[in-house]
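This report refers to the structure that appears directly beneath it.
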Amino acid sequence: MTELAPDIRIQDLSKSFKDREIIKDFSLSVKEGSFVSLIGPSGCGKSTLLRLIAGLEEKSAGEITLPSSLKNSVSFVFQDANLLPWRTTAENVGLPLELNPELAKLSHEEKNKRVLEALTKVQLENFANHFPQELSGGMKMRVSLARALVAKPKFLLLDEPFAALDENTRFEMQNQLLSLRKKEKLTVIFVTHSLFEAVYLSERIIMLKGAGAKIVFDGNLDLPSERTESLRTSEKLNTIIRDLSQRLKS
Amino acid sequence: MKRTWPALISFAALLIVFEFLVRKEVFSASLIPAPSMVLMTMQELSDDFVQAFKETFSNVLAGWVLSLALGTGVAFVFSLSDLLKRAILPFAVFFQTVPIIAIAPLLVIYFGFGAPTVIASSFIVSVFPVIANTLMGLESASEQQKDLFRLYQANSLQILTKLKLPCAYPYILSGLKISAGLSIVGAIAGEFVAGGGLGALIDSARTQQRVDIVFAALLLLSLMGLFFMALLSLINSIIQKQRPF
């Protein structure tokens, strides 16, 4: 499948840990504004790829090029909420505004405004002064999402963010992510183990498998752009999942 | 206050039982004195006890504060350099494992009789838990937490003050609790050889077979330990309220 205007380019990317080559000569292009899910078995290199794009790992070889509109506008949502237990919800959300050299220059009022905005986006504005231990798993994940949004990113990387949540909360979070993505016009790369989650959320699925994170499937999904609850049980969605599941097993 | 009641009640019950057993001559008063006798001795020798308590208290405080300052400082330096940690940490372990009573005579030779030797002895015994706990705390931040700070391009100072220090705080506190007790042990060992304070009082009572004086001194040392624990508890509650991190 060829992209007309590939904006995020990964060229011949390799990453080794000691003698083990996790990613080998990996190339990919992702269109700005799209929602792409990376799926594949454990250890296939999905998370490493995401961390390389975020700059959390040093690449062994290759190039990752982001368009100027996305540079310095990358946020990352971790597998668990990764909140600092000694900080309140608002202080956790405001952390990027304290740490990032550019964002730290914002006025105190602007920072407070942004924190409140981010908390409102995830419907946690009434929990600003709560500590992480006072929140449920789903709420913690929403705080984590708000922390990623407070920097007003254009490019969001999510590493299995909903894996530890119960099904209802997971569905709720998925819908919230879709609505935020639409509202904020985000480019999203989403790593998940769940085929169902990947198909429901994304426009494009990339399946990695085997040594060196080989792409075994890369395709756009033929599903309505507006995802509704009824889609979850639709035959069309289930057919796609069955097909992907077979590819994963083969 | 509610939380201290069980301890106070059990302590009072213990005193009553001992008083009863000694009066009924189940225990010999020359081996275990009745609590009332200990209190009487404290009253009789109050000037000596006050003077000795003051001396020991100031020496313990000096040794403990020195442990806190140098111990945390050394741990911070160790946390910055793995090479330094591997080169110097064994010496700290050496201080921890060699019995202070074996080093104390050397300290007298180096520092002379009196406070300097006692402070050094208190410091040597109490510094290791501060170093070990602070170091463990500074290294306790998870990889994901470090990733978070890396992601937002935090500088070294921000990583130290906003991540490593808050992570280390509970460890430092627990190190200080351990070292508070040990600094008293070290000071008493120092006073056995260098003189002064409750240590010297205990040593002189030993030569006179005055167990009542020894028990009175032990009671005061326990109260000193409790004071340090209460002080730490107070500092902790202030820090929890102020939340400087």
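A search for C-beta distances below 7 Å between a residue of the stretch B:141-158 that is more than 7 Å from chain A (Cβ to nearest Cβ) and any residue that is in a helix (DSSP H, G or I) and not hydroxyl-bearing (Ser, Thr, Tyr), counting only pairs 6+ apart in sequence or on different chains, returns B:ALA141/B:LEU163; B:ALA141/B:LYS164; B:ALA141/B:CYS167.
Yes/no per residue for (1) open to solvent by 20 Å² or more (accessible area, probe 1.4 Å); (2) in contact with a Phe, Trp or Tyr (Cβ under 6 Å, 6 or more places away or on another chain); (3) modelled with pLDDT of 95 or more:
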position: B:TYR171; (1), (2), (3): yes, no, yes
position: B:ALA180; (1), (2), (3): no, yes, yes
position: B:ALA187; (1), (2), (3): no, no, yes
position: B:GLY195; (1), (2), (3): yes, yes, no
position: B:LEU198; (1), (2), (3): no, no, yes
position: B:ARG206; (1), (2), (3): yes, no, no
position: B:LEU218; (1), (2), (3): yes, no, yes
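Yes/no per residue for (1) among the β-branched types (Val, Ile, Thr); (2) touching a residue at least 12 places away in the same chain (Cβ under 8 Å):
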residue: A:ASP166; (1), (2): no, yes
residue: A:ARG181; (1), (2): no, yes
residue: A:LEU195; (1), (2): no, yes
residue: A:SER202; (1), (2): no, yes
residue: A:LEU223; (1), (2): no, yes
residue: A:ILE240; (1), (2): yes, yes
residue: A:ASP243; (1), (2): no, no
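Scanning the stretch B:77-94 for residues that are within 20 Å of B:ILE159 (Cβ to Cβ) and open to solvent by 50 Å² or more (accessible area, probe 1.4 Å) gives B:VAL77, B:LEU80, B:ASP82, B:LEU83, B:LEU84.
Taken together, A:ASN175, A:ASN238, A:ASN220, A:ASN168 contain a single residue that is in contact with a strand residue (DSSP E or B) (Cβ under 6 Å, 6 or more places away or on another chain) and either of a type in the set (Gly, Ala, Ser) or open to solvent by 30 Å² or more (accessible area, probe 1.4 Å) (or both), which is A:ASN220. Residues considered: B:VAL60, B:VAL38. Of these, the only one that is surrounded by 13 or more Cβ atoms within 10 Å (Cβ to Cβ), among the aliphatic types (A, V, I, L, M) and over 19 Å from B:ARG210 (Cα atoms) is B:VAL60.
Just so you know, in the stretch A:50-100 the residues that are open to solvent by 40 Å² or more (accessible area, probe 1.4 Å) and among the basic types (Lys, Arg) include one that is nearest to A:SER37 (Cα to Cα), and it is A:ARG51. For the stretch A:59-101, the set of residues classified as farther than 30 Å from A:LEU135 by Cα and without any contact (Cβ under 8 Å) to a residue 40 or more places away in the chain consists of A:SER68, A:LYS71, A:ASN72, listed by residue number. Counting only residues that are within 14 Å of another protein chain (Cβ to nearest Cβ) and open to solvent by less than 60 Å² (accessible area, probe 1.4 Å), which one in the stretch A:7-49 is nearest to A:LEU248 (Cα to Cα)? In this case the residue turns out to be A:SER47.
Going through (1) within 11 Å of the chain's Cα centre (by Cα); (2) within 14 Å of chain A (Cβ to nearest Cβ) one by one, B:THR161 falls short only on (1).
Only residues that are open to solvent by 70 Å² or more (accessible area, probe 1.4 Å) and more than 20 Å from the chain's Cα centre (by Cα) were counted in the stretch A:102-126, giving 9.
For the stretch B:9-28, the candidate set comprises residues that are assigned to a helix (DSSP H, G or I) and among the aromatic types (Phe, Trp, Tyr); within that set, the residue that is farthest from B:VAL214 (Cα to Cα) is B:PHE20. Suppose the filter is under 26 Å from B:LYS241 (Cα atoms) and more than 10 Å from chain B (Cβ to nearest Cβ); does A:ASN112 pass it? Answer is yes for this residue. Residues of the stretch B:126-140 being open to solvent by 20 Å² or more (accessible area, probe 1.4 Å) and more than 14 Å from chain A (Cβ to nearest Cβ), which ones? Those that are open to solvent by 20 Å² or more (accessible area, probe 1.4 Å) and more than 14 Å from chain A (Cβ to nearest Cβ): B:PHE128, B:ALA132, B:ASN133, B:MET136, B:GLU139.
Do the conditions hold for A:LEU237, that is, is it of a type outside the set (D, E, K, R), in contact with a Leu (Cβ under 7 Å, 6 or more places away or on another chain) and assigned to a helix (DSSP H, G or I)? For A:LEU237, the condition - of a type outside the set (D, E, K, R), in contact with a Leu (Cβ under 7 Å, 6 or more places away or on another chain) and assigned to a helix (DSSP H, G or I) - is met.
Of all residues in the stretch B:230-245, those that are away from every other protein chain (no Cβ under 14 Å) have Cβ atoms under 9 Å from Cβ atoms of residues that are part of a helix (DSSP H, G or I) and surrounded by 11 or more Cβ atoms within 10 Å (Cβ to Cβ), 6 or more apart or on another chain, in B:LEU231/B:ALA180; B:LEU232/B:LEU173; B:LEU232/B:LEU176; B:LEU232/B:LYS177; B:LEU232/B:ALA180; B:ILE235/B:LEU173; B:ILE235/B:LEU176. Would it be correct to say that B:SER28 is among the small types (Gly, Ala, Ser) and either open to solvent by 50 Å² or more (accessible area, probe 1.4 Å) or free of Cβ contacts under 8 Å to residues at least 60 places away in the same chain (or both)? Yes. Considering only residues in the stretch A:142-159 that are open to solvent by 10 Å² or more (accessible area, probe 1.4 Å) and more than 16 Å from A:GLN176 (Cβ to Cβ), the one that is farthest from the other protein chains (Cβ to nearest Cβ) turns out to be A:LYS154.
The values are calculated or read from the model by the stated rules, or taken from the named source; none is laboratory data. Keep in mind that this is a model prediction, so the values were computed, not measured. Counting neighbours? That spans all protein chains shown, and the Cβs are built from the backbone with ideal geometry, glycine included. In case anyone asks, the SASA skips ligands and DNA or RNA and just uses the protein heavy atoms, side chains included. Shrake-Rupley method; radii C 1.70, N 1.55, O 1.52, S 1.80 Å.
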